Amino acid sequence: MLLHYGTGERETAAVLAEIRQAVGKGDLVAADLRAADGPHLLAERTRLVIGGRLDIVVANAGIARSASLEQTTVEDFDAIFAVNVRVPYFLIQQLQRADR
């Protein structure tokens with residue numbers, strides 16, 4: 001099992017400790033998914049840890065803003081779109097590319 005974090009390394013490490021206790025295996029991988037190269041870096045770092053075989057990807061990263069439609073800025077929208085739409089697309093693209 002591989003757990004990703006962008007921030008919250010300590011919290012993610014605590015979850016990993018529980019997984020290791022139950023299952024015995026696991027690693028952490030860091031990448032800032034808000035950055036344009038975030039999914040590419042995550043895919044690259046994932047491959048360094050797991051090698052060539054990848055069975056399952058759970059793309060569950062997501063962000064939201066507590067703002068009305070009128071209060072939502074272009075920057076807010078771009079950040080939400082980047083993490084919630086762009087990242088899963090390019091992450092799967094990069095992970096699939098490595099399988100071929």
Inset, instruction - Would you check which residues across region 32-43 are more than 11 Å from Gln94 (Cβ to Cβ) and either over 11 Å from the mean Cα position of the chain (by Cα) or not charged (D, E, K, R) (or both) and list them? - result: Leu33, Ala35, Ala36
Legend entry - First in region 21-43 and surrounded by 12 or more Cβ atoms within 10 Å (Cβ to Cβ), second anywhere and among the basic types (Lys, Arg), Cβ under 7 Å, 6 or more apart: Gly26/Arg20; Val29/Arg45; Ala31/Arg45
Inset, instruction - Quickly run through region 44-84 and pick out the residues that are among the charged types (D, E, K, R) and either touching a residue at least 24 places away in the same chain (Cβ under 8 Å) or more than 18 Å from Leu95 (Cβ to Cβ) (or both). - result: Glu44, Arg47, Arg65, Glu70, Glu75, Asp76, Asp78
Inset, instruction - Please go through region 5-20 and pick out each residue that is farther than 23 Å from Pro39 by Cα and touching a residue at least 12 places away in the same chain (Cβ under 8 Å). - result: Ile19
Inset, instruction - Considering only region 50-100, state which residues are part of a loop (DSSP other than H, G, I, E, B) and touching a Gly at 6+ places or on another chain (Cβ under 6 Å). - result: none
Inset, instruction - Scan region 51-98 for residues that are among the β-branched types (Val, Ile, Thr) and closer than 19 Å to Gly6 by Cβ and jot them down. - result: Val57, Val58, Ile63, Ile80, Val83, Val85, Val87, Ile92
Legend entry - Scan of region 44-78 for residues that are at pLDDT below 90, surrounded by 10 or more Cβ atoms within 10 Å (Cβ to Cβ) and of a type in the set (Gly, Ala, Ser), ordered by number: Ala59, Ala61, Gly62
Legend entry - Breaking point among (1) surrounded by fewer than 14 Cβ atoms within 10 Å (Cβ to Cβ); (2) under 25 Å from Tyr89 (Cα atoms); (3) in contact with a strand residue (DSSP E or B) (Cβ under 9 Å, 6 or more places away or on another chain); (4) not β-branched (Val, Ile, Thr), for His4: (1)
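The values are calculated or read from the model by the stated rules, or taken from the named source; none is laboratory data. None of these values were measured; they are calculated from a predicted model. Neighbour counts are summed over all protein chains in view; Cβ atoms, including those assigned to glycine, are modelled from backbone coordinates with ideal geometry.
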